[in-house]
1. Contact order normalised by length for the chain, with contacts defined as Cα pairs under 8 Å and 6 or more residues apart; what percent is it?
2. Taking 0.36 nm per intervening residue step and subtracting the Cα-Cα distance, what contour gain separates GLN274 from GLU292 on full extension?
3. Please say if segment 14-55 is rounded, prolate or oblate, where rounded means a/c under 1.5 for a ≥ b ≥ c the square roots of the C-alpha gyration tensor eigenvalues, and otherwise the choice is prolate for a/b larger than b/c and oblate otherwise?
4. Which order do peptides 150-158, 182-190 fall in by mean Cβ count within 10 Å, highest first?
5. Please give the contour-minus-distance gain from ILE238 to ASP192: 0.36 nm per residue of separation, less the Cα-Cα distance, rounded to one decimal in nm.
6. Report the charge-dipole magnitude of the chain in Debye, nearest 20, computed about the Cα centre from +1 at each Lys and Arg Cβ and -1 at each Asp and Glu Cβ.
7. To the nearest Å, what is the center-to-center distance of segment 237-286 and segment 303-336, using C-alpha atoms only?
8. Charges on Cβ only, +1 for Lys and Arg, -1 for Asp and Glu, centred on the Cα centroid of the chain; of VAL152, HIS209, GLY65, which one is farthest towards the dipole's positive end?
Amino acid sequence: MPTIRPAWSDDDLEAFRELARTFLEKECAPNEPRWNEQQHVDRDIWRKAGELGLLCPSIPEEYGGGGGSFAHEAVMAEEQIRALVGSLGTAVHSTIVAHYILEYGTEEQKKRWLPKLASGEYVGAIAMTEPGTGSDLQSVKTKAIRAGDEYVIDGSKTFISNGLLADLIIVVGKTDPHNAAAGISLLVVETDGTDGFSRGRVLKKIGQHGQDTSELFFDGVRVPAGNLLGETEGQGFIQLMQQLAQERLVLAVGAVAAIELTLDLTLKYTKDRQAFGKPVFQFQNTRFKLAEVATTAKVARVFIDDCIAKHLAGQLDVPTASMAKWWTTQMQCDVADECLQFFGGYGYMEEYPISRLYTDARIQKIYGGTNEIMKEIISRFL
Ligand SMILES: Cc1cc2nc3c(=O)[nH]c(=O)nc-3n(C[C@H](O)[C@H](O)[C@H](O)COP(=O)(O)OP(=O)(O)OC[C@H]3O[C@@H](n4cnc5c(N)ncnc54)[C@H](O)[C@@H]3O)c2cc1C
């Protein structure tokens with residue numbers, strides 16, 4: 001992992017990094033095997049993270065957050081990879097869900113929900129995907145129909161990160177089912193004691209086993225009209241398009257951190273492991289392949305640091321965020337595959353972190369908008 005401080009960092013951020021690293025290494029990493037078995041983290045860990053100020057670090061202090069910037073979110077994402085803590089869904093919670101509320105919520109909504117997300121009293125999730133609709137978000141079938149002072153939500157969602165533990169879910173639904181994009185609105189559902197809301201099974205995945213990815217069901221769920229995010233219906237699609245750039249960037253940040261960690265672990269292993277009387281690193285194939293990986297890591301680092309700096313300055317455009325997402329996650333998967341090979345059979349064993357880096361990488365090309373959709377977006381700007 002790089003020891004050079006990125007240009008977008010400073011003393012305050014490095015102190016935050018240290019705090020995050022200690023928490024992740026001491027409080028989370030030792031529990032990862034158990035969390036993987038049970039398919040979710042312990043609920044309590046969210047409160048601990050909240051107490052330390054590790055949740056919602058870029059939400060203003062007046063709403064209970066850390067008062068920082070996206071750089072804090074980036075540091076958290078990097079440190080989670082470094083500590084191999086894939087189970088705690090803080091990116092969805094802090095970088096995504098809290099920011100929808102911050103950007104589009106009324107003052108009353110921000111004061112009502114953000115402090116609970118920042119403290120870990122609430123775990124946040126966002127429910128876009130449905131069994132029949134993923135990439136084509138305009139075609140969601142979930143209905144959120146106004147009835148007097150309430151909205152009535154009917155539909156089902158799948159693959160929802162933090163789905164099992166979520167206390168607050170931003171639901172993508174149609175307030176006008178006869179319209180495509182213009183019919184979409186975002187509704188906030190607080191799950192505790194809510195009639196008609198239920199959770200399906202925690203889905204078994206090929207990686208990220210400790211992440212509670214779940215199905216969610218809404219059967220005549222009634223929420224107050226005041227739970228519409230923002231004040232007017234039909235804004236949901238635009239809100240999603242605006243926020244997805246930050247979601248894509250944080251996935252790319254994690255991808256680059258994973259590339260760097262993968263290289264690091266592979267260098268250590270190949271310099272130690274002997275075959276034919278010499279370290280595996282000494283074979284020309286190993287050195288050349290790792291020279292390529294080191295080059296990829298360097299290019300990815302320069303690119304992501306530039307994207308972060310641009311985002312901090314409010315200048316990261318949509319196609320560049322999409323480029324960052326598809327390219328870094330593609331590289332993450334390629335690098336994980338190449339590097340696992342150098343571990344031989346040990347690379348296929350769960351106790352070797354390289355196997356985890358390999359299986360956890362694969363989803364990166366799929367969620368947050370598939371890499372095909374990223375190229376679709378980029379091509380519209382060419
Ligand atoms: C572990 C995990 C966590 C997730 N977390 C969340 C979450 O928290 N919240 C949430 O809402 N969703 C979540 N998702 C869902 C994820 O965002 C979707 O799976 C993803 O958007 C793709 O949708 P889909 O699975 O329906 O695939 P589809 O949309 O059916 O796509 C199938 C294939 O067709 C391709 N394709 C589709 N349209 C086009 C096109 N126009 N051009 C070219 N190719 C195309 C896709 O790229 C893909 O390869 C998660 C998924 C997983 C597996």
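1. Values: 697 pairs, mean separation 60.8, N = 382.
Answer for the chain is 16 percent.
2. Numbers: separation 18, 0.36 × 18 = 6.48 nm, distance 2.17 nm.
Going from the current span to full extension adds 4.3 nm.
3. Values: a/c = 3.38, a/b = 1.69, b/c = 2.00.
Verdict is oblate for segment 14-55.
4. Working: 150-158: 20.0, 182-190: 22.7.
In decreasing order of mean packing, 150-158, 182-190 become 182-190, 150-158.
5. Numbers: separation 46, 0.36 × 46 = 16.56 nm, distance 2.86 nm.
Taking 0.36 nm per residue and subtracting the Cα distance, the gain is 13.7 nm.
6. Values: 39 positive and 52 negative charges, 246 e Å.
Taking the Cα centre of the chain as origin, the dipole is about 1180 debye.
7. If we compute the Cα centre of each part, the gap is 15 Å.
8. Value: HIS209.
We did not get these values from a lab; they are worked out from the coordinates using the rules stated. Bear in mind the structure is a predicted one, so any value in this text is a computation, not a measurement. Here Cβ is always computed from backbone atoms with ideal geometry, including for glycine, and neighbour counts include all displayed protein chains.
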